[in-house]
Amino acid sequence: MKLSKELRNAIEYRIHNDFRKEAESILMLTTDEYKQEFLEYHENDKGNICCLVLDFAKRDLVKEKKMIQNKNDAFGKLL
């Protein structure tokens, strides 16, 4: 499965280079709802909330056993 050009551009603009692969993996596996939220916050210039969307999406993917949370991961660690 591939990400849309719009999502790839948003990742490139909003996410630090070191964390883009993780963000891409999350967005490839997550729901359309999370993808749409990510794009909406990107379009409204709310980069920090884009990262929060990735945190929640990753948390859900870990619960569903679709991803693993590693200690060095950038996303999914909610306080």
The chain: angle of helix 32-43 to the longest principal axis, Cα-based, in degrees nearest 10: 50
Rg/Rh (Cα only; Kirkwood hydrodynamic radius) as it applies to the chain: 0.92
Among 11, 27, 72 - extreme Cα towards positive end, dipole of the chain, charges at beta-carbon: 72
Gaussian network model of the chain, springs between alpha carbon atoms under 10 Å - residue of 26, 15, 68 with greatest fluctuation: 68
Fully extended contour minus Cα-Cα distance, from residue 4 to residue 20, at 0.36 nm per residue: 4.3 nm
Candidate lysines - alpha carbon under 22 Å from residue 5, same-chain residues fewer than 8 apart omitted: 21, 35, 46, 58
Spin-label pair residue 48/residue 72, simplified geometry with 7 Å Cα→Cβ offset, distance in nm: 2.8
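Here, each number is a calculation from the coordinates, and none is a lab measurement. None of the values given here were measured: they were computed from a predicted structure. Don't worry about glycine lacking a Cβ; one is built from the backbone with ideal geometry, like all the others, and counts go over all protein chains shown.
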